[in-house]
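Trainee: First the structure, which I've put down as structure tokens, then a few questions once you've had a look.
The values are calculated or read from the model by the stated rules, or taken from the named source; none is laboratory data. Fair warning: this is a prediction, and the values are worked out from it, not measured in the lab. No Cβ is skipped: glycine too gets one built from the backbone with ideal geometry, and neighbour counts run over all protein chains shown.
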């Protein structure tokens with residue numbers, strides 16, 4: 001697995017977890033301290049940045065099919 005593929009996978013997982021940050025904000029103290037006030041805007045920023053990184057690092061696999 002190349003470094004670009006690893007960065008892509010980490011970015012996608014981070015974006016997926018970022019969607020749940022406002023939900024777990026009330027029950028997990030670490031997330032509450034991490035996000036501070038207004039968790040919705042900060043989690044949206046995490047999602048946006050993660051998806052942008054995933055978009056930039058995405059590589060399509062070339063298939064070896066005969067045409």
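Trainee: Got a sec? Which of 53, 31, 10 is part of a helix (DSSP H, G or I) and modelled with pLDDT under 95?
Mentor: Criteria check complete, one pass: 31.
Trainee: If we keep just the residues of the range 37-51 that are closer than 19 Å to residue 8 by Cβ and touching a residue at least 12 places away in the same chain (Cβ under 8 Å), which is surrounded by the fewest Cβ atoms within 10 Å (Cβ to Cβ)? Walk me through how you get there before you give the answer.
Mentor: Step one: of the range 37-51, the residues closer than 19 Å to residue 8 by Cβ are 46-51.
With touching a residue at least 12 places away in the same chain (Cβ under 8 Å) added as a condition, the list becomes 46-47, 50-51.
Numbers: 46: 18, 47: 17, 50: 20, 51: 15.
In this case the residue turns out to be 51.
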